[in-house]
């Protein structure tokens, strides 16, 4: 069992609520799945270690319910019933603010979670489900009631820095190089400025008398 999940889940709930979103059991599960997708893209393994499966509402993991029930029983997560009686929905909050940054050894991995939560914290469960079904690789290649294959996720390619093109033609670039070389040569051949010479100050009698008065007043 991934012990970090007991810290990750409350921290995710805190983030979503602090950013104006709501958290239900189904929405939280799909957010964990989306995080696993992005984490796998970077590290070729999932963060949760869940055994994800293509079930009724998309990705599902049997390990999720026991952890959630444990956090609710311990009072780490608080459940509240929907104010609308036609909806049998419970919303999740945290007893105290939680932070997920200490769970990551580098910002590259943490950014996978921040990307997911930044994109989906305020979204409805329906919007997330639509994206999960049709825009994530394991579900696109998934078979109902079968385990999801995360290996179909393309590996993240590091960005390669390239200088933007100037737009100048090779002939223009050659001409600018010649002009620069000519100016540099001219600077080297120009007479060097004379060293700065310091002229000692000249003190007259009036100055000496003023200094004497100051000394006498001390």
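Table for the structure above
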| read-out | value |
| --- | --- |
| Filtered residues of the stretch 127-149 (kept if in contact with a strand residue (DSSP E or B) (Cβ under 8 Å, 6 or more places away or on another chain) and part of a helix (DSSP H, G or I)) | 129, 132, 133, 138, 139 |
| In the stretch 84-114, the residues that are farther than 20 Å from residue 22 by Cβ and surrounded by 13 or more Cβ atoms within 10 Å (Cβ to Cβ) | 103, 104, 109, 110, 111, 112 |
| Total residues in the stretch 1-19, condition in contact with a helix residue (DSSP H, G or I) (Cβ under 7 Å, 6 or more places away or on another chain) and under 15 Å from residue 63 (Cα atoms) | 5 |
| Which numbered condition residue 124 fails, given (1) at pLDDT below 95; (2) touching a strand residue (DSSP E or B) at 6+ places or on another chain (Cβ under 6 Å) | (2) |
| Filter result (in a loop (DSSP other than H, G, I, E, B) and surrounded by 15 or more Cβ atoms within 10 Å (Cβ to Cβ)) within the stretch 115-126 | 121, 123 |
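Yes/no matrix, rows are residues, columns are (1) in a helix (DSSP H, G or I); (2) free of Cβ contacts under 8 Å to residues at least 60 places away in the same chain; (3) surrounded by 19 or more Cβ atoms within 10 Å (Cβ to Cβ):
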| position | (1), (2), (3) |
| --- | --- |
| 8 | yes, no, yes |
| 21 | no, no, no |
| 39 | yes, no, yes |
| 69 | yes, yes, no |
| 79 | no, yes, no |
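The values are calculated or read from the model by the stated rules, or taken from the named source; none is laboratory data. These figures come from a predicted structure and were not determined experimentally. Ideal geometry is used to build each Cβ from the backbone, glycine not excepted, and the neighbour counts take in all protein chains shown.
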